[in-house]
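Taking it in order: structure first as structure tokens, then the write-up.
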Amino acid sequence: MDIQSEKTAYQALIKEIHFHNHRYHVLDGPVISDYEFDQLLMRLHKIEKMHPEWIPPDSPTQRSGAAPAERFEKTTHPASILSLANAFSEEDLRDWFNRISKIDERVRDSEFVLEPKIDGLTVVLHYHKGVFVQGATRGNGEIGEDITKNIRTIKSAPLKIPVHEKSLDIPEKLVVRAEAYIAKSDFLRLNERFAKLGEKTYQNPRNTAAGSLRLLDSSIVAERPLRILTYTVVAGNPKTSQWETLEYLRKLGFPVANVSEKCTSFEDMLLKIKKWEAYRDSLDYEIDGVVIKINDLKIAENLGFAGKDPRGAIALKFPAQEVTTRLLDIGVNVGRTGILTPYAILDPVEIGGVIVKQATLHNFDYIEEKDIRIKDRVLVKRAGEVIPYIIGPISDVRTGEEEVFLPPDLCPTCGKPVESVPNEVAWYCVNNSCPAQIIRNIEHFVSKVGMDIVGLGIKIVKQLVEFGLIKDVADLYGLKKSDLLKLDGFAEKKADNILLAIEESKTRPLSNLVTALGIHGIGEIAAEELALRFQDLDALSSAKNADIESIDGFGPNSADAVENWFALEENRNVLKKLSAFGVWPESKTNAVVTKKTFEGLKFVVTGTLSEFTRDGIKDFIKQNGGKVSDSVSAKTDYLVLGENPGSKYEKAQTLGVKVISELELKTMTEDEN
């Protein structure tokens, strides 16, 4: 590329970044993710480093944010409200540290402060003699938008500084910088309320918070669950360190993030920062990184600025959780119970260090509600180990080529008709002989939670079905060595091991077999309750709806599911074959109640455990008189939280269920002794 072409591309890049800045800061409707915006900005920095003579006054590197919206009065900040330079790795942090150490040698012996980089909207709060008089957005860093009426509606923003420590003197003029946000739990409740009213739901808390603060009707803003966290004194700060500033704000009565921490040195900071990404999922507000500040404010001030960025602080950005990409197509999977589940086929994109090619679309109603179309540009989220999912489309960039998706009339596997059940979001393939269902049923049957047949994975199950060696789960017990040796990849030893594992599975308890049968809505916990009540499958298959519904935790739907499953002739034939093969366990109680510490209490367990195995924690709770449930409800007393929790944690927060760790669970029994 010649120099003129390179300069033209540079100018186009500036224009593109201005467009996205306006979408993000003024319209609150970004069409790309933060990660993608950061990549554009990094490209711009790289070009300007090579050609500083090209930099125009309006380059995005020379200013913060975007121009204030015209519909609000403009207000000038008492000091520049600047954004920070970004780092993406430890190497970036070391480069930053080395650069500023050369400017001021005192940096090498400095303390540092870590603060959460909250994904919200910056606001500036003005107080005169302790009374709130004005609130503004950051705007372009010099001039913001006057949103005083809207700030007044935020309950966590003091209208009068409460002063928790009476000995403190409040400056006549105090200007505080804060981040306005909506908590994750509040956001879930807000969307649930809008959904019930049949109104449009929102895609993420950040855009909802920013959009709410720019509403002209403050009575509507008052209905939004906005909060703030303060972290800087812009004017009137009597303190000389950032840590003292945070403590000062806290003592005055302002809300301050309780996860912020002081580090004794740069190396101490690098050690502590490693745990911060774990905060991302545990905090009740969205963060997209951690802010690192030199604790000594005079040293930070002495370092000055690099362009628009203060040198005394930097933001370490986490790997992106949300990224936009193209939705190439929508596929449909058929599950073991016949449920059809749509999934997104994506233009491959990196999210959090992982290349994502597919994402869940939940169900067909979700696609319709969000108006997700094939060829749309969509926002994809991947948090921790959670399966990537589509948040929604970026409808503002549609070209007219997008295609509305309709649920299939025929099963994509067997070609038989599908149907939807009234008042349910699921669509079903009604063909019990559908190959996809048979394979999934057998895969579930042999899994660890079922009959735990070691070595019999999905690939072998597919071979067995495709070769016609098995037509249902009971046929597994009729397999011969000669059958297995017909399959690709099988030799004598492998065949012997599989047959031995199948034979050993006959010793599994009744609860495992009930789980393995794959009755709709009956998981491990429910299967254990059924196994406790009924002696064997003969007794269970004869049970009436009322008998099953009388079991604690069973409602009409689960009772119907059990009774209906055993009423089907095909299923009864499978049971006869299992009995003939000697697969007919009788009920056993694994956990003997030794104490009544948890009597009357219901627990749900979620996430990866470190103190217990999954079975071990269930036995521990039962031995202490408690009950374990599969799902969180208003009747749940405690949610035991492991690492990387899923939707159960979010539901527990929404319902106000008490959340405890494994160690706290243990302590509850120790306290009794």
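The values are calculated or read from the model by the stated rules, or taken from the named source; none is laboratory data. These figures come from a predicted structure and were not determined experimentally. Here the Cβ positions follow ideal geometry from the backbone for every residue, glycine too, while neighbour counts run over all protein chains shown.
Criterion applied to GLY582, GLY600, GLY555 was being surrounded by fewer than 16 Cβ atoms within 10 Å (Cβ to Cβ), at pLDDT 85 or above and under 22 Å from LYS627 (Cβ atoms), and the one residue passing it is GLY600.
On inspection, GLU563 fails the criterion of being in a helix (DSSP H, G or I) and not assigned by TED's automatic domain parsing to the domain that holds ALA531. Taken over the stretch 639-663, the residue count meeting the criterion of being in contact (Cβ under 8 Å) with a residue 24 or more places away in the chain and among the charged types (D, E, K, R) is 4. Of all residues in the stretch 347-373, exactly one satisfies the criterion of being part of a helix (DSSP H, G or I), of a type in the set (D, E, K, R) and buried (at least 18 other Cβ atoms within 10 Å of the Cβ), namely LYS370.
With respect to (1) outside any loop (DSSP other than H, G, I, E, B); (2) over 30 Å from ALA9 (Cβ atoms); (3) in contact with an Asp or Glu (Cβ under 8 Å, 6 or more places away or on another chain); (4) of a type outside the set (Asp, Glu), the lone exception for PHE72 is condition (1). May I ask you to verify whether LYS272 is assigned to a helix (DSSP H, G or I) and not assigned by TED's automatic domain parsing to the domain that holds ALA359? The answer is yes for LYS272.
Quick grid of which residues meet (1) out of contact with any strand residue (DSSP E or B) (no Cβ under 9 Å at 6 or more places or on another chain); (2) at pLDDT 95 or above:
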| position | (1), (2) |
| --- | --- |
| GLU322 | no, no |
| LEU328 | no, yes |
| LEU340 | no, no |
| THR360 | no, no |
| LYS370 | no, no |
| ILE390 | no, no |
| THR399 | yes, no |
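Within the set TYR343, TYR389, the sole residue that is within 19 Å of ILE32 (Cβ to Cβ) and among the hydroxyl-bearing types (Ser, Thr, Tyr) turns out to be TYR389. Go through the residues of the stretch 640-656 one by one and say whether even a single one is part of a loop (DSSP other than H, G, I, E, B), more than 22 Å from the chain's Cα centre (by Cα) and either buried (at least 19 other Cβ atoms within 10 Å of the Cβ) or of a type in the set (Val, Ile, Thr) (or both). Looking for residues that are part of a loop (DSSP other than H, G, I, E, B), more than 22 Å from the chain's Cα centre (by Cα) and either buried (at least 19 other Cβ atoms within 10 Å of the Cβ) or of a type in the set (Val, Ile, Thr) (or both), one finds none in the stretch 640-656, hence no.
The set of residues in the stretch 538-560 that are among the hydrophobic types (A, V, I, L, M, F, W, C) and closer than 22 Å to LYS618 by Cβ comprises LEU540, ILE548, ILE551, PHE554. Residues in the stretch 625-638 that are of a type outside the set (Ser, Thr, Tyr), free of Cβ contacts under 8 Å to residues at least 60 places away in the same chain and buried (at least 21 other Cβ atoms within 10 Å of the Cβ): GLY626, VAL632. Within the stretch 245-270, residues that are within 30 Å of ASP95 (Cα to Cα) reach partners that are part of a helix (DSSP H, G or I) and acidic (Asp, Glu) with beta carbons closer than 8 Å, at six or more positions or on different chains, in the pairs SER265/ASP109; LEU270/GLU90.
Residue-by-condition table, conditions (1) more than 30 Å from THR654 (Cβ to Cβ); (2) of a type in the set (Val, Ile, Thr):
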residue	(1), (2)
ILE81	yes, yes
GLU90	yes, no
ILE118	no, yes
HIS126	yes, no
GLY130	yes, no
THR148	yes, yes
ILE161	yes, yes
LYS166	yes, no
ALA178	no, no
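Put simply, of GLY400, GLY392, GLY331 the only residue that is small (Gly, Ala, Ser), assigned to a strand (DSSP E or B) and either in contact with a helix residue (DSSP H, G or I) (Cβ under 8 Å, 6 or more places away or on another chain) or at positive phi (or both) is GLY392. If you filter the stretch 423-454 down to residues that are under 30 Å from the mean Cα position of the chain (by Cα), part of a loop (DSSP other than H, G, I, E, B) and more than 15 Å from VAL514 (Cα to Cα), you find that the one that is modelled with the lowest pLDDT is ASN423. In this structure, does LYS471 turn out to be surrounded by 13 or more Cβ atoms within 10 Å (Cβ to Cβ), not in a loop (DSSP other than H, G, I, E, B) and not assigned by TED's automatic domain parsing to the domain that holds ARG614? In short, no. Strands (runs of 3 or more DSSP E) fully within the stretch 91-184 that include at least 1 residues being touching a His at 6+ places or on another chain (Cβ under 9 Å) and surrounded by fewer than 23 Cβ atoms within 10 Å (Cβ to Cβ): 131-137, 143-145, 173-182. Within the bounds of the stretch 114-127, is there any residue that is over 29 Å from the mean Cα position of the chain (by Cα) and on the phi > 0 side of the Ramachandran plot? No: zero hits. Selection of first residues in the stretch 214-239 that are assigned to a loop (DSSP other than H, G, I, E, B) and of second residues that are aromatic (Phe, Trp, Tyr), restricted to Cβ pairs under 9 Å at least 6 apart or on distinct chains, gives the following pairs, ordered by first then second residue: ARG214/PHE72; LEU216/PHE72; PRO225/PHE187; GLY236/TYR127; ASN237/TYR248; PRO238/TYR248; LYS239/TYR248.
One line per residue, one yes/no per condition, for (1) modelled with pLDDT under 90; (2) crowded, with 16+ Cβ neighbours inside 10 Å:
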| site | (1), (2) |
| --- | --- |
| ALA491 | no, no |
| LYS494 | no, no |
| ASN497 | no, no |
| ALA501 | no, yes |
| GLU504 | no, no |
| THR507 | no, no |
| LEU510 | no, yes |
| ALA516 | no, yes |
| GLU528 | yes, yes |
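Among the residues of the stretch 123-142, those identified as more than 10 Å from ILE81 (Cβ to Cβ) and touching a residue at least 24 places away in the same chain (Cβ under 8 Å) are LEU125, HIS126, TYR127, HIS128, LYS129, GLY130, VAL131, PHE132, GLN134.
Helices (runs of 4 or more DSSP H) fully within the stretch 479-558 that include at least 2 residues being under 39 Å from the mean Cα position of the chain (by Cα): 492-504, 510-516, 524-533, 545-549.
Scanning the stretch 108-165 for residues that are in contact with a Phe, Trp or Tyr (Cβ under 8 Å, 6 or more places away or on another chain), modelled with pLDDT under 95 and acidic (Asp, Glu) yields a total of 3. Across the stretch 404-419, which residue is surrounded by the most Cβ atoms within 10 Å (Cβ to Cβ) among those that are part of a strand (DSSP E or B) and without any contact (Cβ under 8 Å) to a residue 40 or more places away in the chain? This residue is PRO417.
When restricted to residues that are modelled with pLDDT of 75 or more and either of a type in the set (Gly, Ala, Ser) or surrounded by fewer than 18 Cβ atoms within 10 Å (Cβ to Cβ) (or both), the stretch 62-81 contains 7. Please identify the pairs in which a residue from the stretch 292-313 that is within 23 Å of LEU271 (Cβ to Cβ) and part of a strand (DSSP E or B) has its Cβ atom under 6 Å from the Cβ atom of a residue that is at pLDDT 95 or above and among the aromatic types (Phe, Trp, Tyr), counting only partners at least 6 apart or on another chain. From the stretch 292-313, the pairs are ILE292/PHE112.
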